[in-house]
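The values are calculated or read from the model by the stated rules, or taken from the named source; none is laboratory data. Quick caveat: nothing in here was measured; it's all calculated off a predicted structure. As a convention, Cβ positions derive from the backbone with ideal geometry for all residues, glycine included, and neighbour counts pool all protein chains shown.
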Protein chains: 2
Amino acid sequence: MSKKNIDKLTIFALGGVGEIGKNMYVVQYANDIVVVDCGLKFPEEDMLGIDIVIPDISYLTENRDKVRGIVITHGHEDHIGGLPYVLKNLNVPVYGTRLTMGLIEMKLKEANLLGETKRIVITADSELKLGCMTATFFKTNHSIPDSVGVCLETPEGNVVHTGDFKFDQTPVNEQYADLHQMAAIGRRGVIALLSDSTNAERPGYTGSERSVGAEIEDVFRKAKQRVVIATFASNIHRIQQVIDACESTRRKLTVIGRSMVNVVSIASELGYLHVPDGMLIEPEEVNKLAADRVAILSTGSQGEPMSALTRMARSTHRKMDILPGDTVIIAATPIPGNERYVGRTVDELMRIGAHVIYGPGSITGVHVSGHGSQEELKLMLNIMRPKYFIPIHGEYRMLRQHGMLAESVGIAREDIFIVDNGDTVEIQEGVARKGSKVPAGNVLIDGLGVGDVGNIVLRDRKLLSQDGILVVVVTLSKQDGTILSGPDIISRGFVYVRESEGLLEEANRIVTSTLHRLMNENVNEWASLKTHVKDALGRFLYEQTRRRPMILPIIMEV
Amino acid sequence: MSKKNIDKLTIFALGGVGEIGKNMYVVQYANDIVVVDCGLKFPEEDMLGIDIVIPDISYLTENRDKVRGIVITHGHEDHIGGLPYVLKNLNVPVYGTRLTMGLIEMKLKEANLLGETKRIVITADSELKLGCMTATFFKTNHSIPDSVGVCLETPEGNVVHTGDFKFDQTPVNEQYADLHQMAAIGRRGVIALLSDSTNAERPGYTGSERSVGAEIEDVFRKAKQRVVIATFASNIHRIQQVIDACESTRRKLTVIGRSMVNVVSIASELGYLHVPDGMLIEPEEVNKLAADRVAILSTGSQGEPMSALTRMARSTHRKMDILPGDTVIIAATPIPGNERYVGRTVDELMRIGAHVIYGPGSITGVHVSGHGSQEELKLMLNIMRPKYFIPIHGEYRMLRQHGMLAESVGIAREDIFIVDNGDTVEIQEGVARKGSKVPAGNVLIDGLGVGDVGNIVLRDRKLLSQDGILVVVVTLSKQDGTILSGPDIISRGFVYVRESEGLLEEANRIVTSTLHRLMNENVNEWASLKTHVKDALGRFLYEQTRRRPMILPIIMEV
């Protein structure tokens, strides 16, 4: 009866399920914890004023002596962007392939964490002892080179985390998916598979990056003037194809946008980008060359208001203009929520007179997704043949769709775990069940503040954004409570003051009479005075305007 | 040489070009003005706290004696929603078909404008004398019955305004596009065509509404429990098909969501919806029936946070729950900007355990657009064969694409006018040119306020929404300028106060020492005191937090 002392395998997400972004997965066996990925996500539209969002890692900091390290699958922000914040509170080794580590180091340098962080560069052939677990890797194909999936050998069996992947049969840059290595893992047996659900709603197969190259070259060839191409800075395969198109159409290339410049520099340095000598030119040199001898590689494929492309479209870029007749390629599909930004940028480019290639990659041919579609997800499931399946990387509906795909290839419904962040799946003696929850959530970062903006602050920002604020100040006498000065009403974001003088004067009379009435009734606790002023004024303003501004009564005493 | 006295035809948009929504077009000849449509649009994401947006009609109010009436093409919000506001300042006759007028009257009733508005119900065969112009109409097919296009016969020739249209060869409810009438107009000659550009970016043809009916019926037949279907309240064709599906699958139907209830009631009353006796039931009766005998027609196809579907998905609807195993059909494509809302609603429905049919109509089959695609737009151009072409109804890029389609069917580039709101096209003796601009723009409506929220108010709301506000109050002595009370600092939406006591105390010290320093230097104008306090505090807070809250210094004097 020694069974009750057998340790268990616990798997959970601290970020990345029920959402897109901030990926962070935890595999624990007894006293050993391995973390896979450490991403950020961009704020939802109701997180006003927030810059970025990272996972709540309190489970990890409470168990810091058990954490053997953070293994990173690839160098995208939603997989590495949380590191500068997390490593400040959890100084553990970070493992990643060469390009991934190059991108991580750029971040750690900016955050002054490079010196104190133990960084271990791995390859797809590495084998790591992480406590009682052994990590091996397999090459995957994704929209950034040097991506890997992870296989963690645990006493309960192999846990496989795919990272982000697709199965591109004609990849660029030799970044093929290592089917043989994956098959070998599948043969050895997989107790649990965690697999990328990003495109689980999309039927069929995702297109090949190589087809994009042909399309881009075609546009370059036909363009009579300059070509501006915007894509994700991290899509080094795409950037290589832009370079190749420049070479075959004898154009020089200039790179603009901070992240694009950084990535091109790191990737070339590390040998992931092959740039012919003399091809790259400075933005200042562009105007010295004939228009059909130049291409411009830029950030801003999501229409981000501060990006290089948007600034060029608005003619507010310091170094570069777009001219009538230039061709602009937006080689990306808008992320949900960004459609309006992209649309506006296209409008502005067209107003200048540019020829713009935009829209879904399926129509333009200049973009394909980096994530596998339904048939590829089934392929991964069939290769790994896991006992248990945990779809990851996706909103709830995508996880559910991925779950249905798993059922369709023969995984029993009860062996599929659709989890929220913090939900644990425990496996003991080969049997999985839902365990208790660990703390998980969003840590909001606003400026330098980490976690100092919570629900109350966000609720106030929301309120302020809708109808503005009225501040009511009055100075009372300490002796007898009479009004010495005020009430003064100052409003911001409520009404156009010059047009609403009457309204604000009337508001002032209401506050004054409310105060006088209360004093006559000998109400003199501040809290009560404030509540009455707030209520009377709020009621009046709502009747007059149907708006509910925040009302902030302030009493000074002299 | 009498030519210089010849009057001219002027055409312009007060809303609807360079944007989606708030359609309002003006055709003027000499002293006669005809307005086509009077719509609203929903606020852009940077119009914080705004409810709706209507056109600036100052040109019309300044020329009110010339305005012969407003002709409405169909009953959608973006064509009629501005009427309750516009008619308050411009009491002119309104012309519309029977259903269109029914929907308009519902709005005017709510706004207490029914009595004082002259309403003339027209048919597709009507002929109206509007000053020197004669208006005739032609039936179009669109996602609401009783849609028409307008032909205005002017001394310069026929001006055709298509309204919204598609060419559905197998329409529902006999709402066919009247090709013969259109051809007759085209034969007579068209000096200028204004045509719907909504789907100008979409290749091919738009699907037929009838195919949607077959698909919906199929889902109804297969569903083992209740079916909930959400679509646009105004899509009466779609609603008819839901009713038909209920009939053929022997389900009762209940209708929820205020706008859906209103439209179903008006459309049935006017004979545009044919509801079998006894089919409609009250929401309260749903639970008395077997689950496979019930369907629920609901608003909320855009995931709007306050809509019936969203409230059901969150289990906060007063009358209706969604149960595990129910089928939910979202028969609409998300409008750009709404994807996240729809996604969230789908997530919540799936968490309940509902089977959800969602996504692009091209995949689900339960939705088609009401607007013609590129081949249909070319068909309209070929039927009307206009001398001049003004693409309308669309963002700039859509207008441009429509312009390119017009070129492809043989209209000369110089005869195509891509205009902004307020740009005039003048035609005199058959020759068109760009004229001067008339005032045009957005009038923002926030609660009861029309136009009292402008750029300054919106800029303040934006600022407040990002980093909140700090109010700094101090009471000074009238005699000697010394501080009698304060400075007090109150913040909202800036930081979580309990976690930031130190920061706010330090901020207080900085304000105090700034004030003391200024007093020692005999600076005592309030404006100067305020500016110094604002600067010192702003600098400190930015250094500490990298945030820039609004700072509102208030000085009281006793």
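A:GLN466 meets the conditions (1) touching a residue at least 60 places away in the same chain (Cβ under 8 Å); (2) under 24 Å from A:GLY82 (Cβ atoms) in every case but one. The failed one is (2).
The rows are residues; the columns are (1) under 19 Å from A:ILE490 (Cα atoms); (2) acidic (Asp, Glu); (3) touching a Cys at 6+ places or on another chain (Cβ under 6 Å); (4) in contact (Cβ under 8 Å) with a residue 40 or more places away in the chain.
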{"site": "B:VAL425", "(1), (2), (3), (4)": "no, no, no, yes"}
{"site": "B:VAL453", "(1), (2), (3), (4)": "yes, no, no, yes"}
{"site": "B:ARG459", "(1), (2), (3), (4)": "yes, no, no, no"}
{"site": "B:GLN479", "(1), (2), (3), (4)": "no, no, no, no"}
{"site": "B:ILE490", "(1), (2), (3), (4)": "yes, no, no, no"}
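Tell me yes or no: at least one residue of segment A:394-403 is surrounded by fewer than 21 Cβ atoms within 10 Å (Cβ to Cβ) and either charged (D, E, K, R) or within 30 Å of B:ARG413 (Cβ to Cβ) (or both). Taking every residue of segment A:394-403 in turn, none turns out to be surrounded by fewer than 21 Cβ atoms within 10 Å (Cβ to Cβ) and either charged (D, E, K, R) or within 30 Å of B:ARG413 (Cβ to Cβ) (or both).
Test A:ARG547 against the criterion of being surrounded by 13 or more Cβ atoms within 10 Å (Cβ to Cβ), outside any helix (DSSP H, G or I) and among the basic types (Lys, Arg), and give yes or no. In short, yes. Filtering segment B:109-123 to residues that are outside any loop (DSSP other than H, G, I, E, B) and in contact with a strand residue (DSSP E or B) (Cβ under 8 Å, 6 or more places away or on another chain) leaves B:ARG119, B:ILE120, B:VAL121.
Taking the condition assigned by TED's automatic domain parsing to the domain that holds A:VAL26, over 26 Å from the mean Cα position of the chain (by Cα) and either without any contact (Cβ under 8 Å) to a residue 40 or more places away in the chain or over 23 Å from B:ILE363 (Cβ atoms) (or both), does A:THR162 pass? The answer is no for A:THR162.
In the set B:SER298, B:SER265, only one residue is within 27 Å of the chain's Cα centre (by Cα) and under 21 Å from B:VAL368 (Cα atoms); that residue is B:SER298. Within segment B:474-490, the set of residues being touching a helix residue (DSSP H, G or I) at 6+ places or on another chain (Cβ under 8 Å), more than 9 Å from every other protein chain (Cβ to nearest Cβ) and at negative phi comprises B:THR482, B:ILE483, B:PRO487, B:ILE489.
Assess whether A:VAL450 counts as being within 14 Å of chain B (Cβ to nearest Cβ) and surrounded by 19 or more Cβ atoms within 10 Å (Cβ to Cβ). The answer is no for A:VAL450. For residues that are within 14 Å of chain A (Cβ to nearest Cβ) and exposed (fewer than 15 other Cβ atoms within 10 Å of the Cβ), scanning just segment B:498-536, find the one that is farthest from B:GLU557 (Cα to Cα). Once the filter is applied, the top-ranked residue is B:GLU499.
Screening segment B:241-277 for residues that are without any contact (Cβ under 8 Å) to a residue 24 or more places away in the chain and among the small types (Gly, Ala, Ser) and picking the one that is nearest to B:THR97 (Cα to Cα) gives B:GLY271.
Restricting attention to segment B:453-473, which residues are more than 30 Å from B:ASP56 (Cα to Cα) and either in a helix (DSSP H, G or I) or within 8 Å of chain A (Cβ to nearest Cβ) (or both)? Matches in segment B:453-473: B:ASP467, B:GLY468, B:ILE469, B:VAL471, B:VAL473. Scanning segment B:333-350 for residues that are on the phi < 0 side of the Ramachandran plot, buried (at least 18 other Cβ atoms within 10 Å of the Cβ) and of a type outside the set (A, V, I, L, M) yields B:THR333, B:PRO334, B:ASN338, B:GLU339, B:TYR341, B:GLY343, B:ARG344, B:THR345, B:ASP347, B:GLU348. Would segment B:487-497 turn up any residue that is part of a helix (DSSP H, G or I) and surrounded by fewer than 19 Cβ atoms within 10 Å (Cβ to Cβ)? Yes, because at least one residue in segment B:487-497 is part of a helix (DSSP H, G or I) and surrounded by fewer than 19 Cβ atoms within 10 Å (Cβ to Cβ).
Annotation: of all residues in segment A:428-447 being closer than 26 Å to A:ILE418 by Cβ and β-branched (Val, Ile, Thr), the one that is farthest from the other protein chains (Cβ to nearest Cβ) is A:VAL431.
The residues listed here are A:LEU349, A:LEU289; of these, the one that is out of contact with any Phe, Trp or Tyr (no Cβ under 8 Å at 6 or more places or on another chain), within 12 Å of chain B (Cβ to nearest Cβ) and not hydroxyl-bearing (Ser, Thr, Tyr) is A:LEU349.
Every residue, every condition in (1) in contact with a helix residue (DSSP H, G or I) (Cβ under 8 Å, 6 or more places away or on another chain); (2) assigned by TED's automatic domain parsing to the domain that holds A:THR198; (3) under 25 Å from A:PHE12 (Cα atoms), yes or no:
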residue: A:ARG98; (1), (2), (3): no, yes, no
residue: A:GLY115; (1), (2), (3): no, yes, no
residue: A:ASP125; (1), (2), (3): no, yes, no
residue: A:LEU130; (1), (2), (3): no, yes, yes
residue: A:HIS142; (1), (2), (3): no, yes, yes
residue: A:ASN158; (1), (2), (3): yes, yes, yes
residue: A:THR170; (1), (2), (3): yes, yes, no
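Residue-level check: of (1) outside any helix (DSSP H, G or I); (2) among the hydrophobic types (A, V, I, L, M, F, W, C); (3) more than 14 Å from every other protein chain (Cβ to nearest Cβ), B:LEU552 misses just (3).
Filtered by the rule that a residue be in contact with an Asp or Glu (Cβ under 9 Å, 6 or more places away or on another chain) and basic (Lys, Arg), segment A:251-273 gives A:ARG251, A:LYS252. One residue alone among B:PRO84, B:PRO55 is within 19 Å of the chain's Cα centre (by Cα) and more than 19 Å from B:ILE120 (Cα to Cα), and that residue is B:PRO55.
Is it the case that some residue within segment A:378-396 is within 14 Å of chain B (Cβ to nearest Cβ) and over 25 Å from A:PHE42 (Cβ atoms)? Scanning segment A:378-396, I find no residue that is within 14 Å of chain B (Cβ to nearest Cβ) and over 25 Å from A:PHE42 (Cβ atoms), so the answer is no. State all residues of segment A:537-549 that are more than 11 Å from chain B (Cβ to nearest Cβ) and not small (Gly, Ala, Ser); if no residue qualifies, say none. Hits for segment A:537-549 are A:LEU537, A:ARG539, A:PHE540. Screening the candidates A:GLY337, A:GLY365, A:GLY361 for the property of being in contact with a His (Cβ under 7 Å, 6 or more places away or on another chain) and either away from chain B (no Cβ under 14 Å) or in contact (Cβ under 8 Å) with a residue 60 or more places away in the chain (or both) yields one hit, A:GLY361. Being of a type in the set (A, V, I, L, M, F, W, C), touching an Asp or Glu at 6+ places or on another chain (Cβ under 7 Å) and modelled with pLDDT of 90 or more is a condition met by at least one residue of segment B:313-333.
Number of residues in segment B:358-382 that are surrounded by fewer than 20 Cβ atoms within 10 Å (Cβ to Cβ) and among the aliphatic types (A, V, I, L, M): the value is 2.
In the set (1) in contact with a Lys or Arg (Cβ under 9 Å, 6 or more places away or on another chain); (2) outside any loop (DSSP other than H, G, I, E, B); (3) surrounded by 22 or more Cβ atoms within 10 Å (Cβ to Cβ); (4) in the same structural domain as B:LYS41 (by TED's automatic domain parsing), the condition left unmet by B:ASN421 is number (2). Summed over segment B:258-281, residues that are outside any helix (DSSP H, G or I) and surrounded by 11 or more Cβ atoms within 10 Å (Cβ to Cβ) total 9.
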